[in-house]
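Here, each number is a calculation from the coordinates, and none is a lab measurement. These numbers come from a predicted model, not from an experiment. Using ideal geometry, Cβ is built from the backbone for each residue, glycine included, and neighbour counts are taken over all protein chains shown.
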């Protein structure tokens, strides 16, 4: 086998660049197995050095069907890499595996990819090849009994890969066009309105405490009597809950109505919003 053929084969098996493959073959005296191991070790070293960097860009990928749907966030350092074909191909394959693993991170990392190497090994190799920090971010799988999942993507880069992904799960006893339309519109609503929870009593307590602190600071120097300030504070926190709970948000398609009003108007027995998830790069 000629030197060029060895370099080509090594590039195909490792994904490393021409110069790195050439150097590894020289170091191993032309032994392909030793050269691959040299590249693997160097790849881990390169990946380790990049782990201290910020990776605030990236993509969201959605995989699955209407019964079991998964989202995965893969972060990188620049938007340029987020549109790189090698990066996108990795994300798309990883998204499918994530759905099979039901968003179990340990299982995901140890799962085999098409090249028979683990996700963890492929991630290290991709970091070495692209030259940026790449990490697995948030992952979530929605799977409920008697439910149908609906998805929405915004700023799509390719197929199931975008900058924002939404999955909404509706509890249904039947399937029809009305439910399909509502599910799709609700997914768009979640993308646009960014609710914090389905109902106000489900909003994270830390978020509410922080909001209360901000309101208290705002009213601190207002000069209003204590009792009036308390009433204003209560009114503001109740408004915050209403605006950030999906059921009480203004319906984006018809702002004079709430989401709960639209749900009532549909008037289909046992139709309920089970849960939702919204992932956006940068949030």
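Numbers at a glance
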| item | result |
| --- | --- |
| Residues 189, 154, sorted so that the one with the fewest Cβ neighbours within 10 Å comes first | 154, 189 |
| Per residue convex hull volume, Cα atoms of segment 176-224, in Å³ | 112 |
| Rg/Rg_ref, the chain, where Rg_ref = 2.2 N^0.38 Å and atoms are Cα | 1.31 |
| Top of 56, 241, 231 by mean-square fluctuation, Gaussian network on the chain, Cα under 10 Å | 231 |
| Taking 278, 40 and counting other C-beta atoms within 10 Å, the order from fewest to most | 40, 278 |
| Förster radius 22 Å - calculated FRET efficiency between residue 145 and residue 267 (Cβ-Cβ, nearest 0.05) | 0.45 |
| Computed E for residue 29/residue 158 - FRET, C-beta separation, R0 41 angstrom, nearest 0.05 | 0.50 |
| Theoretical gain in end-to-end length, residue 8 to residue 208 [0.36 nm per residue, Cα-Cα removed] | 66.2 nm |
| Packing-based exposure ordering (other Cβ within 10 Å, fewest first) of 68, 112 | 112, 68 |
| MRE, 222 nm, helices only [DSSP H, n ≥ 4, -39500 (n - 2.57), over the chain, to nearest 500] | -15500 deg cm²/dmol |
| Max mean-square fluctuation residue, GNM over the chain, Cα-Cα springs under 10 Å, options 92, 12, 185 | 12 |
| Fraction of alpha-carbon pairs over 17 Å apart in segment 204-244 - percent | 25 |
| Among 197-208, 114-125, the order from most to least packed when residues are scored by Cβ within 10 Å on average | 114-125, 197-208 |
| Estimated inter-spin distance, residue 83 and residue 54, nm [label 7 Å along Cα→Cβ] | 2.1 |
| Segment residue 192-residue 248, extension gain: residue separation times 0.36 nm, minus the distance between their alpha carbons | 18.7 nm |
| Estimated FRET transfer efficiency when R0 is 41 angstrom, pair residue 238-residue 109 (beta carbons, to 0.05) | 0.40 |
| Virtual paramagnetic centre 7 Å along Cα→Cβ of residue 201, amide N under 17 Å, in segment 260-276 | 273-275 |
